[in-house]
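Some notes on the structure that comes next.
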Ligand SMILES: [Zn+2]
């Protein structure tokens, strides 16, 4: 399924009224929750789905990814809405000819790196051996900008990256997508304590899809909510690709366990 993108505006967004915080269960001062961050063009909203405390927490998770790691790609795709975001300058480091590391401030539209995507092992729940993934994957915005950078600045570029925050954002999107698709009563969620950073085994549930490198498509963002039978349980997982229109990796997020009644529903819907 393709996540509808705000500027495409092809179909009206779907709304589901939740009536409690999807992270902590509180029913106080609820606000609407974007399934995909608005800063990534997300327009699907869960109504009355986040309390004030959790809203602030998830906003902090997203701000670094959107403001640093994805700022250039968002600038290119017209996703920087307000003046402050447009003026925000990405920081990059380079090593000059004398071996000195220099920190530079660059206009996001002139950055040779459009975005940085961390690469993880597949969720450890499915893969008992931890494979030593520790890489990241940078999307080069254009060869000419990269050549210009090498000529004027240096042969390397380092941009801000935070693997853990990115994984937390994936967990948040995966959880919200599952609530949007299945509602809150159909599954036992795994991720709220992880998103709220009360539990630290995030890589048990969040990782790359087995074939993480996929060709570019015409879609901005793509997802599939899938049921996977594993160790006698029906697990809900979300396959997610952000910015599928560039050669971005595919992530796999295990969001919870299907409840019995839902299992009947999910089989029935296949007929
Ligand atoms: Zn809450």
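Pairs meeting the criteria (first residue in segment 20-39 and farther than 13 Å from residue 53 by Cα and at pLDDT 95 or above, second residue more than 15 Å from the ligand (Cβ to nearest atom) and in a strand (DSSP E or B), beta carbons under 8 Å, at least 6 apart or on different chains) are lacking. Within segment 1-18, being away from the ligand (no atom under 16 Å from the Cβ), at pLDDT 50 or above and part of a loop (DSSP other than H, G, I, E, B) holds for 13, 14.
Can you tell me which residue among 143, 181 is over 29 Å from residue 44 (Cβ atoms) and without any contact (Cβ under 8 Å) to a residue 60 or more places away in the chain? Being over 29 Å from residue 44 (Cβ atoms) and without any contact (Cβ under 8 Å) to a residue 60 or more places away in the chain holds for just one of 143, 181, which is 143.
Okay, residues lined up against (1) closer than 13 Å to residue 252 by Cα; (2) exposed (fewer than 14 other Cβ atoms within 10 Å of the Cβ):
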{"site": "155", "(1), (2)": "no, yes"}
{"site": "161", "(1), (2)": "no, no"}
{"site": "169", "(1), (2)": "yes, no"}
{"site": "197", "(1), (2)": "no, yes"}
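Across segment 19-53, which residue is farthest from residue 66 (Cα to Cα) among those that are within 12 Å of the ligand (Cβ to nearest atom), assigned to a loop (DSSP other than H, G, I, E, B) and in contact with a helix residue (DSSP H, G or I) (Cβ under 7 Å, 6 or more places away or on another chain)? Among them, the one singled out is 29.
The values are calculated or read from the model by the stated rules, or taken from the named source; none is laboratory data. Model, not experiment: these values are computed from the prediction. Neighbour counts are summed over all protein chains in view; Cβ atoms, including those assigned to glycine, are modelled from backbone coordinates with ideal geometry.
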